[in-house]
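The values are calculated or read from the model by the stated rules, or taken from the named source; none is laboratory data. As the structure is a prediction and not an experimental result, all values here were calculated from the model. Neighbour counts are summed over all protein chains in view; Cβ atoms, including those assigned to glycine, are modelled from backbone coordinates with ideal geometry.
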Amino acid sequence: MRKLLMGLIAALIAIALPSVGFTPAFATGGTSVTVESISYAETSAKAEVKTETRAVIDGATQVSWEVPNHNVRVTKKQLKKAVRIKVNATGSNSSKVIFQTAVKKLMKSKHMSRKQAVKAAGIVVLKKGSCVRNTGRENRLQVGFVWCLAYDAVLVFDKPSKQYRHAYNIRDGRLIKTCLNYIGGDVPMRVKVIQVRYEEDILMDIDLVSEVSVSATVKASLSCPTGTLYGEASASASGSASASIRVKIREKVTAVEAKKIELLTSARIKAKTAAEAAAMARVKLECGETPTPVTPKPDLIEISTINDVLVNNSRTITVSGNVAPGHTGTLFCTSRNGGSITAGKQQSVSGSFTKQITYTAPSEVPGPNAEYGIAAGRDRVDCTVTQDDGQKDDISTNQFEIRPAPVDPL
């Protein structure tokens with residue numbers, strides 16, 4: 001129950017009214033007007049992604065590994081023979097500096113010829129505390145950043161690129177597989193980075209918006225000494241909602257669809273509330289006017305509840321209701337998420353009626369339907385009865401589950 005002051009300005013409504021089953025009253029001209037019904041028609045509804053960007057986390061750019069699972073092997077024998085050096089070379093020539101430092105040390109400490117030293121420098125252990133230019137992937141772009149080692153790292157020389165690549169870290173005497181990022185190179189630089197192994201685990205910032213337009217029709221009555229007056233008024237309004245989410249790339253599609261449904265629901269409530277308030281403000285009834293005869297509206301009373309339906313299977317749904325005496329109506333039913341009405345889609349009705357329709361599930365479990373607010377793996381049947389004077393009423397089943405066909409045992 002909710003009271004509204006009617007006059008030059010309609011009071012705002014905090015929540016949306018249901019379309020049937022209530023008789024709130026509001027004051028106008030010193031008399032009490034009863035709301036007989038409020039019906040809604042949704043004229044448009046959309047939800048979409050406004051912006052989508054790679055998240056910057058505490059000022060750091062997310063950079064994925066060059067190779068999440070490489071197959072470069074380094075044996076214990078190779079590791080034992082590898083030269084260990086410490087360098088500070090953060091320019092594009094980082095690999096060149098490492099190579100020259102390794103060759104010089106091998107020639108001096110191991111008394112190798114230059115040819116022998118060049119060959120032995122194919123695997124290098126870069127000591128903790130060294131600082132070099134490292135690379136990674138920002139979408140399809142290769143970018144660089146200054147990398148100061150927290151642990152000893154194993155670098156292997158890549159002949160095609162003529163650069164060292166970061167194959168392993170050494171922690172507690174064990175080899176830990178790493179990114180196979182390139183060392184050095186003339187690439188765009190990033191000041192601060194977070195390394196993420198898989199591109200699918202990169203976090204995305206996504207902004208979404210939704211907007212729903214609704215028209216509301218209010219039917220009201222006023223009891224007067226000369227009889228009961230009836231009035232009707234309609235108005236339209238829009239509601240919007242927005243939100244931002246941060247999700248991993250691998251979870252993006254599911255998260256976006258769920259958020260769209262949530263935003264549509266919020267925008268729909270706002271639109272209904274605003275349209276209803278505007279329509280109520282337009283209802284003008286005053287005693288002294290000639291009573292206007294009114295035809296009762298049709299009424300859909302009950303519809304079957306469905307638990308679940310296997311794909312490609314059918315269910316019989318029963319719908320019951322009333323049409324005003326002396327009038328006829330048309331019952332029309334439709335499914336909202338992939339299924340179909342295969343019998344009784346449109347039927348003529350009159351008086352008190354009970355009709356049956358046949359619903360057939362889709363051939364596959366459906367995804368979500370953001371337009372009608374239906375979750376993935378579910379469907380709903382909506383029925384409308386339209387009386388021959390244009391008055392309507394609606395009813396819907398529950399959102400029922402569409403189940404996959406059972407797998408035959410071997």
For region 383-394, what are the residues that are assigned to a loop (DSSP other than H, G, I, E, B) and either in contact (Cβ under 8 Å) with a residue 24 or more places away in the chain or buried (at least 17 other Cβ atoms within 10 Å of the Cβ) (or both)?
-> 388, 389, 391
What do you reckon, is residue 373 surrounded by fewer than 17 Cβ atoms within 10 Å (Cβ to Cβ) and not aromatic (Phe, Trp, Tyr)?
-> no
Regarding residue 409, is this residue more than 27 Å from residue 44 (Cα to Cα), in a loop (DSSP other than H, G, I, E, B) and not assigned by TED's automatic domain parsing to the domain that holds residue 306?
-> yes
Which of (1) over 19 Å from residue 41 (Cβ atoms); (2) under 33 Å from the mean Cα position of the chain (by Cα); (3) among the hydrophobic types (A, V, I, L, M, F, W, C) does residue 332 not meet, given it meets every other one?
-> (1)
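So that you can scan it fast, the table gives a plain yes or no per residue for (1) basic (Lys, Arg); (2) under 23 Å from residue 215 (Cβ atoms); (3) out of contact with any strand residue (DSSP E or B) (no Cβ under 6 Å at 6 or more places or on another chain):
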{"site": "280", "(1), (2), (3)": "no, yes, no"}
{"site": "288", "(1), (2), (3)": "no, no, yes"}
{"site": "306", "(1), (2), (3)": "no, no, no"}
{"site": "312", "(1), (2), (3)": "no, no, yes"}
{"site": "323", "(1), (2), (3)": "no, no, no"}
{"site": "339", "(1), (2), (3)": "no, no, no"}
Got at least one residue in region 255-262 being aliphatic (A, V, I, L, M), under 30 Å from the mean Cα position of the chain (by Cα) and closer than 15 Å to residue 37 by Cα?
-> no
Is it true that residue 256 is more than 30 Å from residue 389 (Cα to Cα) and either touching a residue at least 24 places away in the same chain (Cβ under 8 Å) or of a type in the set (Asp, Glu) (or both)?
-> yes
Any pair with Cβ under 6 angstrom, 6 or more apart, that starts in region 362-376 at a residue that is more than 20 Å from residue 310 (Cβ to Cβ) and ends at one that is among the basic types (Lys, Arg) | 370/260; 372/336
Do we have any residue at all in region 233-255 that's assigned to a loop (DSSP other than H, G, I, E, B), more than 30 Å from residue 330 (Cα to Cα) and out of contact with any Cys (no Cβ under 9 Å at 6 or more places or on another chain)?
-> no
